[in-house]
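One structure is given here, and the rest of the page talks about it.
The values are calculated or read from the model by the stated rules, or taken from the named source; none is laboratory data. Everything numeric in this text was worked out from a predicted model, so none of it was measured. Cβ: placed from backbone, ideal geometry, glycine included. Neighbour counts: every protein chain shown.
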Amino acid sequence: MRKLSYLTFLAIFSVFFTLTVSAQVRLQPFLSGLSSPVFMTNAGDGTNRLFVVQQGGIIKVVQPGSTTPSDFLNISSKLSTGGERGLLGLAFHPNYNTNRRFFVYYTRIDGDIQIAEYQASATNPNVADLVTEKIIITIEHSSASNHNGGTIAFGADGLLYAGTGDGGGSNDPSNNAQRTNNLLGKFIRININNTPTYSIPPGNPFTGANTTLCDQDDPAEGNPCQEIYAYGLRNPYRFSFDRSTGELWAGDVGQSAREEINKITLGGNFGWRIMEGTICTPGVNPDCTPPPGHIPPVFEYGRAGGRCSVTGGYVYRGTQGALTPGTYIYGDFCTGEILTGAQQTVLLDTPRNIVSFGEDEAGELYVVGLGGTVEKIASLTTAAAATVGGRVMTASGRGIRNVVVTMTDESGNVRTARSTISGFYRFTDVPAGATYIFSVSGKRFAFRNNTQVQSIVEDTEDINFVAGYF
């Protein structure tokens, strides 16, 4: 068992440490002052909003161009928190823009794992409707507080996937990960579209007469669980789907010797507790015999240099050139390194306790620091400069002069310009590839659209504001 909890190993690398940057990427400030954020995602509904999961039970929503989040959901009264417990995962239904359904993964008050469904309010899309709660599945957990997994996500098949931990304790004392009659140390896959709670998708590996549903507080006695998609995991805390290929990439947190990155496949046995990565687990497998059908990790790493706990990441599919498309990145919680590849190439050495990565609708990636930050991964190369402007005018098209136009970037930096006698204004040397908030203020005028959010990719001359007299 770890001497320090995965989610409570805080601030070992203090603010006095220097952020060491590779020649490729940088961290661009996005959000700060959060309370133990553990995950960030998007709704995939075309709004470009971002949602930040806080361990204590609150989900924050961030509007495009804003750095001030508001509360979307608060279920703090339903959770057990501390250590590795709390609100850990969030996934939006593929048809969220029409059905408003989303799902959360948390440890309830008694420590068991629960997946529940909610809907966004029908009248306010930035607030969840607590009355719509539906419990999807409950998984009994041991008395240990660690190894809860934490990610849920929809695959390209429209099915809901979840990664669970083995229940905690050194060397998985109940052998949960290898036993198929429980849902601990597993990837599960369920269909949440056509029943009151869920059904089993055709093709799951354990179906038929001698299998059972395991949606109950007590594990099934003897028969394999139909919900299982893959097994033999220790704590696949963070996983993601490659939005291009559909491949499922997972970081499985090791015990004392190996941290793993796995490609999870249908029916796969990923070895734990018999194997830790590609080595035989000391004290459990002295004969060094892998379990039948063992699938070794895609890559792994040990504990050199203070590394101790892998945080699974994403395959980069963005368009802003932060990384080479198809690059898979992951991190280490203890060192704050952002890594890639089998050789653990260090892209960034940060002072963060990296608890998660996140992806926006455009495929750009973010880093979530348990200490309260979310930062965007951006190219170190200075973006091309653009000229940005527009016109301030009345509804009849007459220019309005001496109106102050404010441009705020994603880091909160502010520039101002004043409209000319014809109502035109302009900003020069604006870094492209970023989102800005434009706002106006002027005496004697009421602006119909006094704020606009714009993503600048090249010269832009049509950010116009229309006003009427008081």
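Across segment 297-320, the qualifying residues are those that are within 20 Å of the chain's Cα centre (by Cα) and not polar (S, T, N, Q), and the one among them that is modelled with the lowest pLDDT is Gly318. Among the residues of segment 51-68, is any among the charged types (D, E, K, R), in the same structural domain as Cys225 (by TED's automatic domain parsing) and within 21 Å of Lys376 (Cβ to Cβ)? Yes. Arg448 - would you say it is more than 30 Å from Gln24 (Cβ to Cβ) and of a type in the set (Lys, Arg)? Considered against the rule, which asks whether it is more than 30 Å from Gln24 (Cβ to Cβ) and of a type in the set (Lys, Arg), Arg448 comes out as yes. Here Gly246, Gly251, Gly232 are screened, and the one residue that is in the same structural domain as Glu84 (by TED's automatic domain parsing), in contact (Cβ under 8 Å) with a residue 60 or more places away in the chain and either β-branched (Val, Ile, Thr) or under 21 Å from Ser142 (Cα atoms) (or both) is Gly232. Val466 meets all of the listed conditions (1) modelled with pLDDT of 90 or more; (2) within 40 Å of the chain's Cα centre (by Cα); (3) of a type in the set (Val, Ile, Thr); (4) surrounded by 19 or more Cβ atoms within 10 Å (Cβ to Cβ) but one, namely (4). Taking (1) at pLDDT 95 or above; (2) in a strand (DSSP E or B) in turn, Lys376 satisfies each apart from (1). Scanning segment 131-144 for residues that are assigned to a loop (DSSP other than H, G, I, E, B) and surrounded by fewer than 18 Cβ atoms within 10 Å (Cβ to Cβ) returns Glu140, Ser143. Of the candidates Thr408, Thr420, the single residue that is among the hydroxyl-bearing types (Ser, Thr, Tyr), in contact (Cβ under 8 Å) with a residue 24 or more places away in the chain and either more than 30 Å from Thr350 (Cα to Cα) or surrounded by 15 or more Cβ atoms within 10 Å (Cβ to Cβ) (or both) is Thr408.
Of note, Ser77 satisfies the criterion of being at pLDDT 95 or above, more than 30 Å from Thr180 (Cα to Cα) and out of contact with any strand residue (DSSP E or B) (no Cβ under 8 Å at 6 or more places or on another chain). If you go through segment 423-446 and keep only what is of a type in the set (Gly, Ala, Ser), surrounded by fewer than 18 Cβ atoms within 10 Å (Cβ to Cβ) and more than 19 Å from Asp462 (Cβ to Cβ), you end up with Ser441, Ala446. Picking from residues in segment 73-99 that are in contact with a Gly (Cβ under 6 Å, 6 or more places away or on another chain) and among the β-branched types (Val, Ile, Thr), the one that is farthest from Val53 (Cα to Cα) is Thr81.
The residues in segment 282-305 that are among the acidic types (Asp, Glu) and in contact with a strand residue (DSSP E or B) (Cβ under 6 Å, 6 or more places away or on another chain) can be counted, and the count is 1. Here is a check on your reading of the model: is Phe30 under 23 Å from Ile456 (Cβ atoms), among the hydrophobic types (A, V, I, L, M, F, W, C) and touching a residue at least 24 places away in the same chain (Cβ under 8 Å)? Yes: the conditions hold for Phe30. Taken together, Gly251, Gly222, Gly271, Gly277 contain a single residue that is out of contact with any Ser or Thr (no Cβ under 9 Å at 6 or more places or on another chain) and either over 20 Å from Val355 (Cα atoms) or surrounded by 20 or more Cβ atoms within 10 Å (Cβ to Cβ) (or both), which is Gly277.
Which one is surrounded by the fewest Cβ atoms within 10 Å (Cβ to Cβ), of the residues in segment 186-204 that are β-branched (Val, Ile, Thr) and without any contact (Cβ under 8 Å) to a residue 40 or more places away in the chain? It comes out as Thr195. Scan segment 83-104 and tell me whether some residue there is at pLDDT below 95 and in a loop (DSSP other than H, G, I, E, B). Yes - at least one qualifying residue is present in segment 83-104.
Does at least one position in segment 256-268 carry a residue that is within 20 Å of Asn148 (Cβ to Cβ), surrounded by fewer than 19 Cβ atoms within 10 Å (Cβ to Cβ) and in the same structural domain as Ala304 (by TED's automatic domain parsing)? There is at least one residue in segment 256-268 that is within 20 Å of Asn148 (Cβ to Cβ), surrounded by fewer than 19 Cβ atoms within 10 Å (Cβ to Cβ) and in the same structural domain as Ala304 (by TED's automatic domain parsing). Among the residues that make up segment 353-371, is at least one of them assigned by TED's automatic domain parsing to the domain that holds Ser309, part of a strand (DSSP E or B), buried (at least 20 other Cβ atoms within 10 Å of the Cβ) and of a type in the set (Ser, Thr, Tyr)? Yes, segment 353-371 contains at least one residue that is assigned by TED's automatic domain parsing to the domain that holds Ser309, part of a strand (DSSP E or B), buried (at least 20 other Cβ atoms within 10 Å of the Cβ) and of a type in the set (Ser, Thr, Tyr). So which residues in segment 105-130 are among the aliphatic types (A, V, I, L, M) and either buried (at least 20 other Cβ atoms within 10 Å of the Cβ) or not in a strand (DSSP E or B) (or both), if there are any at all? Passing the criteria: Ile109, Ile113, Ile115, Ala120, Ala122, Val127, Ala128.
May I ask you to verify whether Thr245 is of a type in the set (S, T, N, Q), more than 17 Å from the chain's Cα centre (by Cα), loosely packed, with under 15 Cβ neighbours inside 10 Å and at pLDDT below 95? Spelling it out, it is not the case that Thr245 is of a type in the set (S, T, N, Q), more than 17 Å from the chain's Cα centre (by Cα), loosely packed, with under 15 Cβ neighbours inside 10 Å and at pLDDT below 95. Of all residues being in contact with a strand residue (DSSP E or B) (Cβ under 9 Å, 6 or more places away or on another chain) and surrounded by 21 or more Cβ atoms within 10 Å (Cβ to Cβ) in segment 167-179, which is nearest to Pro236 (Cα to Cα)? Just the residue, please. The selected residue is Ala177. Exactly one residue among Ala386, Ala417 is more than 30 Å from Ser35 (Cβ to Cβ), over 32 Å from the mean Cα position of the chain (by Cα) and in a strand (DSSP E or B), and that residue is Ala417.
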